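Following: one structure in structure tokens, then a few remarks.
The values are calculated or read from the model by the stated rules, or taken from the named source; none is laboratory data. None of these values were measured; they are calculated from a predicted model. As a convention, Cβ positions derive from the backbone with ideal geometry for all residues, glycine included, and neighbour counts pool all protein chains shown. SASA here: full protein model, heavy atoms, side chains in, ligands and nucleic acids out. Shrake-Rupley method; radii C 1.70, N 1.55, O 1.52, S 1.80 Å.
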Amino acid sequence: PFEGKPCHVGASIGIAIWDPAGAESAQDALLDADIALKRAKDTGRGRHAFFRPEMRDAARVSAQLAQEIAVGLKMGQFRVWLQPQFDIAGRGVTGLEALVRWRHPERGLLFPAQFLPAAEAAGMMDDIDAEMLRLACSAAERLRYRGMADPRISINLSTSRLSDRNLVETIGWHLEAYGLEPRHIVLEILESTLLDDRAANVVDNVDRLSAA
């Protein structure tokens, strides 16, 4: 117990076999165990995983893709695709959902499943969320200029992004910069976000967003 409250401790374990007489160094074996540890965490935590060579290849590919994502964000390679949202009563388009796409200079147009896992593993989801907010606001501004009276664009927020203490101010700054009203941007929150024990400041931010 800690301060009168029960504590529960869990562990995830990555296992790599090392032969001192082999060609691999102890440092390499530790890196292999760390890769296996990540796999154990990815499959649900509280588990163990043995290292396999293909894990190293996957980690290398993911790390390379994360570097390319960072360059892509800097070079403005990401795009927002707008998917119409219809009123089932037949009264037309009620809004648009912003979907991220990556126009990779060598691989062409990439869909989220092709790069978001690498971004999440590298802790870059907040950067992609921030770019999506900028792109969504820019798209709403262009739609108004082209004659859409009251565009409403929905974007997803990751758990870590929703935990950002500066989130409300950041969204407010973007709205003002693009001449938009709060109703023009709709924030979609995953149900799992409210159940995530790592989601610090989430409830406070939801209250502040509602008030704004």
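See the values below:
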| item | result |
| --- | --- |
| Residues located in the range 164-193, provided they are open to solvent by less than 20 Å² (accessible area, probe 1.4 Å), within 15 Å of residue 203 (Cβ to Cβ) and not aliphatic (A, V, I, L, M) | 193 |
| Residue list for the range 10-56, filter: small (Gly, Ala, Ser), out of contact with any Leu (no Cβ under 9 Å at 6 or more places or on another chain) and touching a residue at least 12 places away in the same chain (Cβ under 8 Å) | 10, 11, 29, 33, 36, 40, 46 |
| Hits in the range 52-81 - residues which are assigned to a loop (DSSP other than H, G, I, E, B) and open to solvent by less than 40 Å² (accessible area, probe 1.4 Å) | 76, 77 |
| Residues of the range 82-108 classified as in contact (Cβ under 8 Å) with a residue 12 or more places away in the chain and open to solvent by 50 Å² or more (accessible area, probe 1.4 Å), total | 7 |
| Only one of 12, 25 that is closer than 23 Å to residue 63 by Cβ, of a type in the set (Ser, Thr, Tyr) and in contact with a helix residue (DSSP H, G or I) (Cβ under 9 Å, 6 or more places away or on another chain) | 12 |
| Test result for residue 113, part of a loop (DSSP other than H, G, I, E, B), among the small types (Gly, Ala, Ser) and more than 19 Å from residue 74 (Cα to Cα) | no |
| Per-region count, the range 140-196, residues hydrophobic (A, V, I, L, M, F, W, C) and assigned to a loop (DSSP other than H, G, I, E, B) | 4 |
